[in-house]
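The structure appears below as structure tokens.
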Amino acid sequence: MKHKNFRRQFVSTALLLSLAVPLVPLSVRAGVAGNEPAPVIRVAPPAPVFDDNERVAELVARRKRVAEQIGPKGVLVMFSAEPRIYTNDVDYEYRQENNLFYLTHLKQKGATLVIMPGNAQTPEILFLPRRDPAAETWTGYMYSPEQARKISGVAEIWEAKEFEPFMRSFRTRRAYRPENKNVLLTGTTATTGVATPVTPPVPKMDVSTAAAQAAIPARPVTGQSAPNIRVETPSATGVSVSATAPAQSATVTTSATPPAASPTGFETIFAAMQGGEGTLYLLIPGGEGENREYRQEQKSAAQWAQSATGLNVRNAFPIFTEMRMRKSEMELKNLQHAIDITTEALGRAMGMAGRAQWEYEVEAEVEYTFKRRNADFWGYPSIVGCGPNATTLHYETSQGQVKPGDLFLMDVGAEYNHYTADVTRSFPVNGKFTPEQAEIYNIVLAAQEAGMKVTRPGASIPEVHAAALETIKDGLLRLGLITDKNSDQYRMWFMHGTSHWLGMNVHDVGVRGAKFEPGMVFTNEPGIYIRMDALDYLPNTPEAQKFKATVQPVFEKYKGIGVRIEDDILVTADGYRNMSVALPRTVADIEAFIAKAAKEMRASVTLPSLLPNLRARHGFVSIATSRSLSAREVAHSHGDE
């Protein structure tokens, strides 16, 4: 039966390809054969692959650096991100909290990481939800302890429900160790005397359990556990060792009691607390009010700040800000791949925009490319504005018409493995700039180049902004859109900063005035935006009305034009590297690019999905009902290039 099905699928695929190939223009087929120049739309290369040992070694090194920062008297607690609700009982796709991912690469919800440098026996503990077949039926696979250890390199893994009693032990200053069955994995057997447990298998669902599933609501709340009974075993050191057991259990089993003089590992932190010198590090966001992403941290900080335990609350964000500003080679490879996906998506959009009627069609091409290249998705909502919509900085509706002669502004960024790109291009729909569009564009380009020229180790984001701003003010004065270069008039047309840090967030953590060092990544994105109603809201003062009367004729010439050019810049030892250089930036290069890219996008054929095994073999990740496949890609899928 399998042979018949395979034969039928193979014949179907062969017929589809035989029908498709004659549709491909001869010029494109010749290009596949190598007789034409390379395509201008650069396909993102394969995703980076890392040696697992090297990857884990880097995570271990990061945690070691954090441990050095918090010291032997400190305890760091990091919670996984909470699921975000889209509406009612529908969640957004889960995304891990950046800093926890930075230290562990774990994407499991409900996990908590604790780092205690002063505890030589268990300097780090991962609290992990136990695998639950009922939960996995609804929401997907959960990490086993072995997988969590392999991914993160954390040796000590306890069941998630042990976190609360563990933290209560700091209030009582009694060393805590769960009963063996809740120590899912341990890497400290030799020093603690606790037997290494065999990880329990995922419990099987019997008939009664399966029947009970019928009563589970459509989106069940999982992770609830029975209350625990605290059992304390005094030790010769004067520090109690606590254990817990399920309330419904008739027999309480405690972990092995340490030898009489055996240290527990908690002595250093408890002694620091005794003197009021212990520190609890939490990720505490700035600003007033509740932060939806860090509610658990805010709640914990408030609770511990009010308790006289000798454990002082301190913000851990500065530690991660300092570390994340400098990217490792592994981070840069992930970020570069996100940028490569983004530049391919923008290249495809520039090639098809002339055939689009609506902004959302062009946006669809971008986000289709993101998913097609297996990006996590976007790092921020795509900004795809045509004509006057290009003058709105964060325009996200994408419902406007695409008209020949208008200028497109596209600010988009794919996210890959928690790292996001941020690239902007402004280009004419029909492939040719008008003189007015080119004038505005060239001022912005000159401003970006001015920022590039000052980029080097020891410079800073404020210096980049100052260089770009000076160029923009000169250009606006030359056009007649401002009358006083030394005033704030320029803010009508350029109202944002030139740069921000880039990494795990599109506006990543970092100190704005920090001096550039190799490995830092930031954006360079000046812009000019001539909003249609920009002069309508000037105050009714003699000075403002005089300004309006002076610039009105020039304003009428340029109104509705919005230009921003944005590239992702890596600081190097001898200057910088433009990570998004694959896309053109000059007027001439953009016009030439669009002319060629439009032909490449037109030379595409629509095929039903290829065989799943054929797609998987050649790197096609998603299996859709139909998709657009260029002639070049048809050849690629058959190993011809």
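FYI, it's all coordinate maths here, none of it is from the lab. If you're wondering where the values come from, they're calculated on a predicted model, not measured in any experiment. All Cβ positions, glycine included, derive from the backbone under ideal geometry; neighbour counts span all protein chains shown.
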Distance from region 331-387 to region 433-490 (C-alpha centre basis), Å: 27 Å
With 0.36 nm assigned to each residue of separation and the Cα-Cα distance removed, residue 322 to residue 446 gains 41.5 nm
Dipole size in debye (nearest 20) for region 323-367 around its Cα centre, Lys and Arg Cβ +1, Asp and Glu Cβ -1? 320 debye
Report the calculated FRET efficiency for residue 573 and residue 290 (r = Cβ-Cβ distance, R0 = 45 Å), to the nearest 0.05. 0.55
Lysine pair number, Cα distance threshold 15 Å (strictly under), region 329-602, separation 8 or more or different chains: 5
Pick out, from 427, 410, 452, the residue whose Cα sits farthest towards the positive end of the charge dipole of region 329-602, with +1 on the Cβ of Lys and Arg and -1 on the Cβ of Asp and Glu. 427
Would region 329-602 count as rounded, prolate or oblate if I go by the C-alpha gyration tensor, calling it rounded below 1.5 in a/c and otherwise prolate when a/b exceeds b/c, oblate otherwise? oblate
Cβ-based net charge around residue 520, under 15 Å, with every Lys or Arg adding one and every Asp or Glu removing one: -3
Under the definition of Cα pairs under 8 Å and six or more residues apart, what whole-number percent is the relative contact order of region 329-602? 23 percent
If you count, for each residue, the other Cβ atoms within 10 Å and average over each peptide, how do 312-319, 497-504 line up from highest to lowest? 497-504, 312-319
Show me the ranking of peptides 530-542, 157-169 by mean Cβ neighbours inside 10 Å, starting with the highest. 157-169, 530-542
Below 12 angstrom from the Cβ of residue 399, what's the summed charge of the other residues (Lys, Arg +1; Asp, Glu -1)? -4
Multiply the residue separation of residue 361 and residue 477 by 0.36 nm, subtract the distance between their alpha-carbon atoms, and state the gained length in nm to one decimal. 38.0 nm
Among 345, 332, 398, which residue has its Cα furthest toward the positive end of the charge dipole of region 325-402, with +1 on Lys/Arg Cβ and -1 on Asp/Glu Cβ? 332
Please report the spacing between the Cα centers of region 555-596 and region 41-77 in Å, no decimals. 32 Å
Highest-first arrangement of 58-67, 107-116, where packing means the average Cβ count within 10 Å: 107-116, 58-67
Projected label distance in nm at residue 57 and residue 488, using a 7 Å step from Cα toward the beta-carbon: 5.4 nm
Roughly speaking, what is the stretch gain from residue 89 to residue 65, that is 0.36 nm per residue apart minus the C-alpha to C-alpha distance, in nm to one decimal? 4.7 nm
